[in-house]
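Student: Sharing a structure below in structure tokens format, with a few things to ask.
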């Protein structure tokens with residue numbers, strides 16, 4: 001049962017404004033709630049909870065710009081059971097449970113995605129006010145029609161899939177771990193879903209770099225032909241950034257002005273000059289990152305609990321561990337820095353709390369020293 005003792009709850013963090021208890025329930029004081037009203041939306045609602053789950057941190061791709069090291073494999077059965085116990089505790093005060101599947105490539109462990117999603121669906125029987133939302137960030141390689149049907153049956157109906165260009169461009173950067181190509185299979189899967197009546201939504205995330213920006217036209221033409229007539233598909237343009245990884249130094253970076261100009265140019269090519277009226281257009285900017293939100297956590301394949309899916313190997317991102325009974329064993333002082341944008345209402349911090357994240361304990365300092373010495 002949720003811990004109802006306010007004093008014991010307040011001991012979990014070194015902040016009097018925003019706290020979290022061992023069940024992942026958020027406690028926000030009235031002054032901070034008043035500030036939050038300026039940016040209030042579903043993502044800051046205490047009745048809404050977004051849980052990112054990484055069922056594996058392995059991947060069948062080796063994208064040239066990837067920042068992950070693939071050191072963790074498949075989530076163990078005891079961690080799966082602990083997640084179910086955590087959901088039991090967390091759902092007592094929720095109206096919306098939103099599970100986002102991430103990796104690695106989450107569909108390598110499709111069975112785990114299905115098992116936990118089915119369990120989340122079952123919780124609605126005991127909690128009539130609860131609604132479940134499921135989405136997957138996937139490379140699309142394993143998202144065939146049969147898999148999409150199975151996922152839709154357990155409430156997972158939203159997907160984000162990346163393409164780096166037409167086949168000859170995409171296959172140079174989004175490469176299988178064995179060196180093989182990936183574009184054709186992803187495209188075949190997308191067409192199969194398009195030809196179905198599945199109640200899904202697919203965000204096509206179109207990557208571009210300084211070197212590939214002028215090479216995307218054939219892909220845009222194919223997207224116009226195959227997907228723009230289907231309102232289930234939407235498009236998001238994203239410049240590749242330096243997020244870590246062995247090839248980071250070779251990535252050429254746009255300035256912010258150049259990036260905005262490039263995105264505008266791509267949108268006009270795809271949608272025409274009436275960009276804003278297109279039903280397939282997706283906003284290119286979200287002012288509040290999920291890592292800045294008090295009602296969002298990630299659980300990694302090994303049971304570590306964090307805030308950010310990019311800073312996986314940063315000690316500051318480990319705010320707790322998931323215990324076998326579904327409670328969180330929180331690390332004092334680790335959560336508050338991620339939520340500092342909520343208190344300051346600083347747009348830059350809200351957009352990415354990782355930038356300027358304080359070094360907040362001795363362990364982190366040692367971790368940073370170790371990284372610098374390598």
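Student: Given (1) more than 23 Å from the chain's Cα centre (by Cα); (2) at pLDDT 85 or above, identify the lone condition not met by residue 64.
Tutor: Condition (1) is where residue 64 drops out.
Student: Restricting attention to the range 240-263, which residues are closer than 24 Å to residue 308 by Cα and in a helix (DSSP H, G or I)?
Tutor: Listed by number, the residues that qualify are 248, 249, 256, 259.
Student: Among the residues of the range 136-153, what is the count of those that are part of a loop (DSSP other than H, G, I, E, B) and farther than 14 Å from residue 55 by Cβ?
Tutor: As a first pass, look at the range 136-153 and keep what is part of a loop (DSSP other than H, G, I, E, B): 139-144.
Next, from what is left, pick out any that are farther than 14 Å from residue 55 by Cβ: 139-141, 143-144.
Adding up the residues that qualify gives 5.
Student: Restricting the search to the range 124-135, which residues are part of a strand (DSSP E or B) and farther than 25 Å from residue 204 by Cα?
Tutor: Of all residues in the range 124-135, those part of a strand (DSSP E or B) come to 131-135.
Across the range 124-135, the qualifying residue is only 131.
Student: Regarding residue 104, is this residue in contact (Cβ under 8 Å) with a residue 12 or more places away in the chain, surrounded by 21 or more Cβ atoms within 10 Å (Cβ to Cβ) and on the phi > 0 side of the Ramachandran plot? Walk me through it before giving the result.
Tutor: Numbers: in contact (Cβ under 8 Å) with a residue 12 or more places away in the chain: yes; surrounded by 21 or more Cβ atoms within 10 Å (Cβ to Cβ): yes; on the phi > 0 side of the Ramachandran plot: yes.
Taking the combined requirement at face value, the residue satisfies it.
Student: Restricting attention to strands (runs of 3 or more DSSP E) lying wholly within the range 264-374, give those where 2 or more residues are under 22 Å from the mean Cα position of the chain (by Cα), over 30 Å from residue 232 (Cα atoms) and at pLDDT 85 or above. Even if it seems obvious, please write down each step before you answer.
Tutor: Working: elements: 296-299, 304-306, 320-322, 328-330.
Filter on the range 264-374 gives 304-306, 320-322, 328-330.
Student: From the list 203, 270, which one is touching a residue at least 60 places away in the same chain (Cβ under 8 Å) and within 25 Å of residue 192 (Cα to Cα)? Please lay out each step first, then the result.
Tutor: Details: 270 fails: touching a residue at least 60 places away in the same chain (Cβ under 8 Å).
Unique residue meeting the criteria: 203.
Student: If you take the residues in the range 189-208 that are in contact with a helix residue (DSSP H, G or I) (Cβ under 8 Å, 6 or more places away or on another chain) and in a loop (DSSP other than H, G, I, E, B), which one is surrounded by the fewest Cβ atoms within 10 Å (Cβ to Cβ)?
Tutor: Here the answer is 199.
Student: Being over 16 Å from residue 137 (Cβ atoms) and touching a strand residue (DSSP E or B) at 6+ places or on another chain (Cβ under 8 Å) is the filter here; which residues of the range 194-219 pass it? Working first, answer last.
Tutor: Going residue by residue through the range 194-219, those that are over 16 Å from residue 137 (Cβ atoms) are 194-199, 208-219.
Those that are over 16 Å from residue 137 (Cβ atoms) and touching a strand residue (DSSP E or B) at 6+ places or on another chain (Cβ under 8 Å): 194, 198, 199, 208, 209, 216, 219.
Student: Hey, another quick one. Given the structure, is residue 56 closer than 30 Å to residue 171 by Cβ, touching a helix residue (DSSP H, G or I) at 6+ places or on another chain (Cβ under 6 Å) and surrounded by fewer than 19 Cβ atoms within 10 Å (Cβ to Cβ)? Talk me through it step by step, then tell me what you get.
Tutor: Working: closer than 30 Å to residue 171 by Cβ: yes; touching a helix residue (DSSP H, G or I) at 6+ places or on another chain (Cβ under 6 Å): yes; surrounded by fewer than 19 Cβ atoms within 10 Å (Cβ to Cβ): no.
Taking the combined requirement at face value, the residue does not satisfy it.
The values are calculated or read from the model by the stated rules, or taken from the named source; none is laboratory data. In this text, all values refer to a predicted model and were calculated from it rather than measured experimentally. As a convention, Cβ positions derive from the backbone with ideal geometry for all residues, glycine included, and neighbour counts pool all protein chains shown.
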